[in-house]
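K.L.:
Structure incoming, see below.
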Amino acid sequence: MNWITNYVRPRINSIFSRREIPENLWTKCDECGTMLFHRELSDNLNVCTNCGHHMGITPRARFTALFDGGIFSEVEVPAPTPDPLHFRDQKKYPDRLRAAQKATGEKEAMLVATGEMGRTPIVAAAQDFSFMAGSMGMYVGNAIIAAAEAAVKLKRPLILFSAAGGARMQEGILSLMQMPRTTVAVQMLKEANLPYIVVLTHPTTGGVTASYAMLGDVQIAEPGALICFAGPRVIEQTIREKLPEGFQRAEYLLDHGMLDRVTPRTQLRDELITITRMLMGLPPAIKGDLPAPGPEAQPQQDATQK
Ligand SMILES: [Zn+2]
């Protein structure tokens, strides 16, 4: 029995282990396993600084990084009838919705905003994969219609960031009806001669790829994003064949003519500024002259609001 090894050393060890940095300050990259400091990761728009793997990003964080000075005005989305089918699986649909609202702090799976990006006025909509897998229900349908209407009214291009597991099964056929509804909304933009740019992010699947996510004038995707109607596992089981490497990933789709560009998230803003200015007939942006995104920049008023 030794007083030092049995009593003092464990006490000292416990004091030191308690001083370790709390785990929640770090995120492990799913791809390369590197431990990334939260601040460093969010400064790099949730892209791994070691291997370039693109992790999920919330619409709010995306908009802060997209709009000049991180300033944008939210576009109000009409609320649909809650739980029209009184759907229940293991949980009631309204309970699932409430849980998602609590976990994300958002009303629903899509955020619509207006503002300026590199002094270019735009309307943007972004789908939130962390909200019930970004599933397309009536609210998302309403959000896309609200975004298209705002773009037509303000004569601005619409930029849409998609991320979805597909249709929202708790709304049954009503969620499937959002496919034609959103297609009509996109048509409104085409009739008004306004550009519609889609940025496909990981993952964009199901009914979303069968409607608004594939109807852009320019189709951009983030690196490594899974973009498909039916997932690789389903296809593999159906055809009983091994699928080629990288099947249904952004780079594969670019090689096969389904996309125009694959652009890393950190370069996306500059590219979107160039494309929207070109399509809107505005003079090209001069590098170094444009306002920076994010909260560090000087706040700027969105001139067209109010
Ligand atoms: Zn990584």
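Any read-out appearing in this document is the output of simple, stated calculations on the displayed coordinates, not a laboratory observation. Predicted model, so just to flag it, every value in this text is computed and none were measured. Counting neighbours? That spans all protein chains shown, and the Cβs are built from the backbone with ideal geometry, glycine included.
K.L.:
Return Met35, Met136, Met258 ranked ascending by Cβ neighbour count within 10 Å, so the fewest neighbours appear first.
P.N.:
Met35, Met258, Met136
K.L.:
Sort 208-218, 155-165, 86-96 by the packing proxy (mean of other Cβ within 10 Å over each peptide's residues), most packed first.
P.N.:
Top of the packing list down: 155-165, 208-218, 86-96.
K.L.:
Can you give the three extents of the C-alpha atoms in region 151-237 along their principal axes, from longest to shortest, in whole Å?
P.N.:
46, 32, 15
K.L.:
Let me ask another. Below 8 Å between Cα atoms, with a sequence gap of 6+, how large is the relative contact order for the chain in percent?
P.N.:
Here the relative contact order equals 17 percent.
K.L.:
Taking every pair of alpha-carbon atoms in region 198-272, what share in percent sits in each 10 Å bin, from 0 to the bin with the longest distance?
P.N.:
Calculated over all Cα pairs of region 198-272, the distribution is 20, 51, 24, 5, 0 percent.
K.L.:
Counting just the Cα atoms, what span does region 88-238 cover along each of its three principal axes? Round to the nearest Å and put the largest first.
P.N.:
That gives 46, 35, 27 Å along the principal axes, largest extent first.
K.L.:
Let me ask another. How much mean residue ellipticity at 222 nm does the chain get from its helices, if each DSSP H run of length 4 or more adds -39500 (n - 2.57) and you divide by all residues, to the nearest 500 deg cm²/dmol?
P.N.:
The helix-only estimate for the chain comes to -9500 deg cm²/dmol at 222 nm.
K.L.:
OK, next. Using the crude model of +1 on Lys and Arg Cβ and -1 on Asp and Glu Cβ, and no other charge, please compute the dipole size for the chain relative to its Cα centre, in debye to 20.
P.N.:
The dipole magnitude comes to about 760 debye.
K.L.:
Among Leu272, Leu243, which comes first, then next, by fewest other beta-carbon atoms within 10 Å?
P.N.:
Leu243, Leu272
K.L.:
What distance in nm lies between label points placed 7 Å from Cα along the C-beta direction at Gln187 and Arg261?
P.N.:
My value for the distance between the label points is 2.9 nm.
K.L.:
Continuing with this model, one more query. Stick to the Cα atoms of the chain, pair each with every other, and give me the Kirkwood hydrodynamic radius in Å at one decimal.
P.N.:
Its Kirkwood hydrodynamic radius stands at 21.1 Å.
K.L.:
Using the number of other C-beta atoms within 10 angstrom as an exposure proxy, rank Thr114, Thr274, Thr238 with the fewest first.
P.N.:
Listing Thr114, Thr274, Thr238 from fewest to most nearby Cβ atoms yields Thr238, Thr274, Thr114.
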